[in-house]
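Report on the structure given below.
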Amino acid sequence: LGGGPFLQTKKLGYGNLTAGVWANAPIQNKVVGQSDPEFDFYASYTSVASDTLSFVPGITFYTYPSADEANGFYKMTFEPSLAVNYTVSGVKLTPKIYYDFVLDGPTFEIASNYALPLKDLGTELGFTASYGSYLAKDFIKGSAPQTKAWGNYWLLGVAAPFQLTKESKV
């Protein structure tokens with residue numbers, strides 16, 4: 001794994017309810033004072049309005065058990081969220097808003113997904129694009145005046161999954 005982080009995700013679902021935990025811990029080359037490891041607990045519920053429209057309220061608790069609060073790190077933050085999934089002509093559009101009540105700031109995101117079937121190969125090409133913008137008004141605990149953090153992010157991706165066995169894909 002080199003100097004990178006250890007990542008692990010476990011997800012459970014029951015009907016329209018999803019819950020899970022995401023974990024991250026650097027293996028080496030740790031940043032001094034960094035609030036690692038990180039364990040994020042999340043849950044969401046998909047409310048289906050029609051074949052093309054659903055609403056997904058959710059919540060995430062971000063936990064940093066080793067956070068050094070004296071250096072401005074938080075041991076826990078939480079943010080509720082609301083997403084809308086809308087599909088038109090095979091393209092799924094998902095605008096989403098989050099609000100972190102500890103860091104005191106919103107995140108706005110829009111994502112799109114499209115699957116192009118490749119029937120001769122028994123798979124599909126999955127295209128993904130997303131763009132987001134965030135603002136945290138209280139990024140460093142206890143700073144006066146409050147320290148803000150803001151920025152934008154984006155992602156473009158394509159994937160071609162292949163079924164190995166009935167239970168596994170690559």
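The values are calculated or read from the model by the stated rules, or taken from the named source; none is laboratory data. Everything quoted here is computed from the prediction, not taken from an experiment. Heads up, the Cβs are rebuilt from the backbone with ideal geometry, glycines too, and the neighbour counts pull from every protein chain shown. These area figures cover heavy atoms from the full protein model, side chains too; ligands, DNA and RNA do not enter into them. Shrake-Rupley method; radii C 1.70, N 1.55, O 1.52, S 1.80 Å.
For the stretch 122-138, residues that are part of a loop (DSSP other than H, G, I, E, B) and among the charged types (D, E, K, R) total 2. Which condition number in (1) over 13 Å from the mean Cα position of the chain (by Cα); (2) without any contact (Cβ under 8 Å) to a residue 40 or more places away in the chain is the one that Gly72 fails? With (1) over 13 Å from the mean Cα position of the chain (by Cα); (2) without any contact (Cβ under 8 Å) to a residue 40 or more places away in the chain applied to Gly72, the lone miss is (2).
Is it true that Ala149 is surrounded by 16 or more Cβ atoms within 10 Å (Cβ to Cβ), aliphatic (A, V, I, L, M) and closer than 21 Å to Phe61 by Cα? Taking the combined requirement at face value, the residue does not satisfy it.
Scanning the stretch 30-66 for residues that are in a loop (DSSP other than H, G, I, E, B) and not polar (S, T, N, Q) returns Lys30, Val31, Val32, Gly33, Asp36, Pro37, Ala49, Asp51, Tyr64, Pro65. Pro80 satisfies every condition listed in (1) at pLDDT 95 or above; (2) farther than 20 Å from Tyr99 by Cβ; (3) open to solvent by 30 Å² or more (accessible area, probe 1.4 Å) except (2). Annotation note: Cβ proximity below 6 Å between a residue of the stretch 107-126 that is open to solvent by less than 70 Å² (accessible area, probe 1.4 Å) and a residue that is basic (Lys, Arg) and part of a strand (DSSP E or B) (sequence gap 6+ or interchain) occurs for Glu109/Lys96; Asn113/Lys92.
Taking the conditions (1) without any contact (Cβ under 8 Å) to a residue 40 or more places away in the chain; (2) touching an Asp or Glu at 6+ places or on another chain (Cβ under 9 Å); (3) small (Gly, Ala, Ser) in turn, Ala129 satisfies each one other than (2).
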